[in-house]
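The values are calculated or read from the model by the stated rules, or taken from the named source; none is laboratory data. None of the values given here were measured: they were computed from a predicted structure. No Cβ is skipped: glycine too gets one built from the backbone with ideal geometry, and neighbour counts run over all protein chains shown.
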Amino acid sequence: RAKEAGRNAVRFYLPSMNERAVERLALVDAMRHAMSYSEFELYYQPQIALATGEVIGMEALLRWRHPQMGMLRPDRFISLAEETGLIVPLGTWVLRAACAQAAAWHRSGLGELRIAVNLSSRQFNDASLPRLIESVLLETGLPATSLEIELTESLMMENVDAAIATMRELKAMGVQLSIDDFGTGYSSLSYLKRFPVDVLKIDQSFVRDIENDTNSTAMVAAIISLSHDLGLRVIAEGVETEAQLAYLRSRGCDEVQGYLFSRPVPAREFEQMLRDSRLAALQGAAVRPIG
Ligand code: C2E
Ligand code: MG
Ligand code: MG
Ligand code: MG
């Protein structure tokens, strides 16, 4: 009986394992093709300065228009791309596409918008990253100061000294550096002053709970004052409600990003949004300049 149960267990267990493995393999295979068939696309989400109510930049967010599965968000494929190393060519494509788009918007008179690009651990630990960024900036004509690189705490903590060296190189070029999802990692505050960053991005989990969790509210307030005491800019991500916005404003948060203003949208839509001032109208209602 025990043997039978064991056999049953195996029968029930293996097929699902196989299914998952097959699904992953298929996805990896599809990802390789997706590169050459340009199924990847960047969406853009505006970042708004609270002092002026103006859109001052945007974050580039990767999407995969899969021919069968539809539009996939990064949580479906980024970790797989990391594991297989595909993230390196994919990440290079993201950098180039994001900088080219931002430069095009500069040239078309939409303003000196800043573009924020997410980097994965493999990309960041690649010794040629500074040279790559340098050549992408040269190729696209985007000023280095208009590029912001988003890093996570865990990525920076993998090898602190190497991370600091790379960050210094990027800073020397004029590239801005931000810590994404700040507050969710395990880095100690003492490291913060060693990393040459310009911006902290308050993780959306804290922003989401502003109205109903006093601990999150305290975290948000603390991160804002910490940023300012260290001379850093601070952005709140995941802002969805007027109440969250009001609180962030009352604490002097510099910038906001979230569905309250806009979801990430395709380039053409982002451009349209800026051009027809639909966003400006939204801001008029949602964001009033401080003072
Ligand atoms: P992230 O960098 O922290 O990006 C913020 C995520 O929050 C995005 O999800 C964005 O769509 C979402 N978001 C923005 N505003 C709101 C809001 O008001 N409410 C809620 N609930 N969500 C909001 P997305 O686009 O699915 O990206 C998820 C993560 O994937 C990103 O988190 C980033 O870590 C990663 N990622 C995205 N693009 C790239 C890329 O080009 N390269 C790498 N390496 N990672 C990327
Ligand atoms: Mg990000
Ligand atoms: Mg984030
Ligand atoms: Mg994230």
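Considering only residues that are β-branched (V, I, T) and within 16 Å of ligand 4 (Cβ to nearest atom), which ones fall in the range 198-221? Hits for the range 198-221 are V199, I202, V207. Number of residues in the range 26-50 that are surrounded by fewer than 17 Cβ atoms within 10 Å (Cβ to Cβ), modelled with pLDDT of 85 or more and of a type in the set (A, V, I, L, M) equals 2. Evaluation of V117 against the conditions (1) within 16 Å of ligand 4 (Cβ to nearest atom); (2) of a type in the set (V, I, T); (3) at pLDDT below 95 shows that the sole unmet condition is (3). Working only within the range 51-75, note down all residues that are within 14 Å of ligand 4 (Cβ to nearest atom), surrounded by 14 or more Cβ atoms within 10 Å (Cβ to Cβ) and not aliphatic (A, V, I, L, M). Matches in the range 51-75: E59, P74. Based on this model, can you work out whether L189 counts as buried (at least 16 other Cβ atoms within 10 Å of the Cβ) and more than 16 Å from ligand 2 (Cβ to nearest atom)? Considered against the rule, which asks whether it is buried (at least 16 other Cβ atoms within 10 Å of the Cβ) and more than 16 Å from ligand 2 (Cβ to nearest atom), L189 comes out as no. Test T84 against the criterion of being polar (S, T, N, Q), modelled with pLDDT of 95 or more and either farther than 18 Å from S36 by Cα or more than 16 Å from ligand 3 (Cβ to nearest atom) (or both), and give yes or no. Answer is no for this residue. Could you tell me whether any residue of the range 100-108 is closer than 25 Å to G258 by Cβ, within 16 Å of ligand 4 (Cβ to nearest atom) and crowded, with 19+ Cβ neighbours inside 10 Å? Checked the range 100-108: no residue is closer than 25 Å to G258 by Cβ, within 16 Å of ligand 4 (Cβ to nearest atom) and crowded, with 19+ Cβ neighbours inside 10 Å.
Can you tell me which residue is farthest from ligand 2 (Cβ to nearest atom) among those in the range 198-225 that are over 29 Å from R168 (Cβ atoms) and among the β-branched types (V, I, T)? Per the criteria, the residue is T214. Going through the range 82-107 one residue at a time, which ones are among the small types (G, A, S) and more than 24 Å from L137 (Cβ to Cβ)? Once the filter is applied, which keeps residues that are among the small types (G, A, S) and more than 24 Å from L137 (Cβ to Cβ), the range 82-107 yields only G85. Within the range 60-79, none of the residues are among the β-branched types (V, I, T), touching a strand residue (DSSP E or B) at 6+ places or on another chain (Cβ under 8 Å) and within 30 Å of S250 (Cβ to Cβ).
Among the conditions (1) of a type in the set (D, E, K, R); (2) surrounded by fewer than 20 Cβ atoms within 10 Å (Cβ to Cβ); (3) in contact (Cβ under 8 Å) with a residue 12 or more places away in the chain, D161 misses just one, which is (3). Scanning the range 115-124 for residues that are away from ligand 3 (no atom under 16 Å from the Cβ) and touching a residue at least 40 places away in the same chain (Cβ under 8 Å) gives a single hit, R122. Any residue at all in the range 132-145 that is under 21 Å from Y43 (Cβ atoms), surrounded by 15 or more Cβ atoms within 10 Å (Cβ to Cβ) and among the acidic types (D, E)? Scanning the range 132-145, I find no residue that is under 21 Å from Y43 (Cβ atoms), surrounded by 15 or more Cβ atoms within 10 Å (Cβ to Cβ) and among the acidic types (D, E), so the answer is no.
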